Amino acid sequence: MFRRINVNLDVPAQVEALKWLLSKAFEAGTTLQGAVDWINTSRPISPDYGLNPIHHGMCTTACRILGVDPPEVFTLHPINSPAVLLFWRCLLAILTRCNSQDIRDFRWFGFSEPTMAVEVVQEALSESESEPGDLIVVDECDNVDSDHSEHFDEPSTSSGLPNVFDSHFHLDRTSKVIWPDNPNGHTVEELISVSKHGSSRPSVPVNVVGGVVVYSEPQNYPAADFQLDGPWKVAAGVHPKHYQKFSTAKRLALNGLLEHPKVAALGENGLDRTIPPGEWRAQELVFENVLRMSKPELPLVLHLRGPSGDTYGSDVTGRCQAIMRRVCRREQKIHVHCFTGLSQVVNDWLSDFPNTFFGVTAAVRRFDEEQKSGLRAIPRNRLLLETDAPYFPVGNVPYSTPAYLGDTAAFVAVYLNIGPCDLMQLTIRNAMTLYGS
Ligand SMILES: [Zn+2]
C-alpha cells in the first residue's frame with residue numbers, strides 16, 4: 001500500500017514548501033542552515049545513498065532562489081548547500097521530526113499537480129511516524145502523466161516516465177549474459193522487464209520507446225527473414241574483433257540482411273587496436289570490404305578503439321577517416337558509437353563527414369576533463385544516447401540493458417548543463433533524424 005506525494009517541478013513552490021516544513025519541524029527561527037546542520041550532525045540518511053546527478057538542475061535553481069552560491073558539485077554527505085534540503089531523502093528526514101498532522105498537511109502542500117520533480121511514494125508519511133518505507137524517485141520531468149504505469153507496452157505518454165531511445169545495444173550478447181543456458185529467442189521487452197523487476201533497478205527509470213539492436217557477429221546473424229516486433233530497428237555489420245568470421249558466405253548473408261525492412265544501419269564495423277598489431281592490416285581490409293557495401297543514406301555504425309593506453313583513440317580514428325575518405329562519400333550518414341574522444345576528433349569528423357552523429361555510453365562516468373570537452377564539442381543535434389548493452393553496467397548487476405539508459409542520460413545532462421528530460425527528448429529527435437522514424 002503506497003500513497004503518493006508529488007513535489008512539483010516548480011522549484012519556487014518547493015522552496016516555499018521546504019520553509020513551511022522547517023517551521024513545523026524545528027523551533028521558531030531555525031534557518032535553512034540550521035536544518036542542514038541538524039542533518040549533518042544527526043546523520044539520519046544512510047551513507048549508502050547519494051545525490052543523483054539528475055538533481056543538479058533543481059538544486060542550482062534553488063540556490064538562485066535562496067540567494068546562495070551553488071557549489072560546483074552538490075553533496076549529501078555532508079550536505080554542502082541548503083538547496084540539497086529539497087532532495088527527497090532530506091525532506092523525509094525532516095518529516096520524521098513532525099507530528100502526523102503536519103505530515104498530512106505537507107503531503108498536500110501545493111503539490112496537487114503531478115508535474116513532478118520528485119515523486120515520493122510512501123505509506124509511512126500519512127499513516128505513522130514509523131520508519132519510511134519504500135521510496136521511489138521518478139524524475140524531474142514536466143509533461144508527464146500522473147498515471148505511472150508499470151507496463152512497458154503502455155504508450156509512452158501514459159507511462160509517467162521520460163522517454164528514451166537506445167541507439168546501440170546487443171540483444172544477442174545481453175541475452176547470453178542474462179540467460180546463459182537459454183540465450184536464444186529473447187525479446188528486447190524481456191531484457192527491459194528483467195531490469196525493471198530485478199534486484200538492481202535503474203536509479204533513473206525510463207520508458208524505452210525505441211532503439212537499435214546491433215548484430216555484428218557474423219556467426220550470429222539472424223535469418224534473412226527474421227521477425228522483430230516492437231519499435232526496434234536493427235543494425236547489421238562486422239564487429240572488428242570478429243573480422244575473421246566474415247567469410248564470403250557471411251558477406252552474402254549481410255547483403256541479404258541489408259534488404260530487410262527492419263535493418264536501418266550497417267554496423268557496427270570499424271577498427272579495434274586491442275588485437276595483436278600483426279592482425280591490424282587484415283582487420284583493415286575487412287573493414288574496407290564492408291565499407292564498400294555502404295550507401296550514403298544508410299547509417300554506418302563505427303566502432304573505433306585504440307590500443308590499451310590510448311584513451312581517446314585519436315590515432316585509430318585518424319586511420320579510419322583516411323580509409324573512409326577514400327571509400328565513402330562525404331554525405332555518408334555515420335554513427336560514431338561509444339564516443340570517448342577529444343573535441344578535435346569531433347571537429348575532424350564533422351569537417352570530413354558533416355552527417356556524423358556521436359553516441360555516448362555510460363563510459364561518460366569515467367571521462368576526464370579532455371573527454372568532457374569532447375562531449376561538449378558535439379553539436380546538440382548530433383548527440384545520441386546508447387547503453388551498448390550488455391556492456392557498461394551501471395547498477396549492481398554485471399550487465400546493462402536499455403532500461404539503464406536514464407542513468408547515463410543523467411550524467412551526460414550534468415556535463416552538458418541541460419535538463420535530463422530535454423537531453424532525452426533531443427536525443428530521440430536526433431535518433432529519428434539518423435535512423436528514420
Ligand atoms: Zn556495440
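Worth pointing out:
- Screening the candidates ALA322, ALA431 for the property of being among the small types (Gly, Ala, Ser) and buried (at least 16 other Cβ atoms within 10 Å of the Cβ) yields one hit, ALA431.
- Residues in region 335-379 that are within 16 Å of the ligand (Cβ to nearest atom) and touching a helix residue (DSSP H, G or I) at 6+ places or on another chain (Cβ under 7 Å): HIS335, VAL336, CYS338, THR340, PHE357, PHE358, VAL360, THR361, ALA362, VAL364.
- Restricting ALA409, ALA431 to those that are small (Gly, Ala, Ser), assigned to a helix (DSSP H, G or I), in contact with a Pro (Cβ under 7 Å, 6 or more places away or on another chain) and touching a residue at least 40 places away in the same chain (Cβ under 8 Å) reduces the list to ALA409.
- Residue in region 351-362 that is in contact (Cβ under 8 Å) with a residue 40 or more places away in the chain and part of a helix (DSSP H, G or I) present: yes
- Only listed residue being surrounded by fewer than 21 Cβ atoms within 10 Å (Cβ to Cβ), under 21 Å from LEU191 (Cα atoms) and among the aliphatic types (A, V, I, L, M), chosen from ALA363, ALA409: ALA363
- Being assigned by TED's automatic domain parsing to the domain that holds LEU171, under 21 Å from GLY210 (Cα atoms) and either in a strand (DSSP E or B) or not aromatic (Phe, Trp, Tyr) (or both) is a property that does not hold for GLY374.
- Count of residues meeting criterion [crowded, with 23+ Cβ neighbours inside 10 Å and either over 20 Å from PRO398 (Cα atoms) or not assigned by TED's automatic domain parsing to the domain that holds ASN269 (or both)] in region 162-206: 4
- Enumeration of residues in region 167-217 that are within 16 Å of the ligand (Cβ to nearest atom), more than 23 Å from VAL290 (Cβ to Cβ) and in contact with a Leu (Cβ under 9 Å, 6 or more places away or on another chain): THR174, SER175, VAL188, LEU191
The values are calculated or read from the model by the stated rules, or taken from the named source; none is laboratory data. Remember, it's a predicted structure, so these values are computed and weren't measured experimentally. We place every Cβ from the backbone using ideal geometry, glycine too, and count neighbours over all the protein chains shown.
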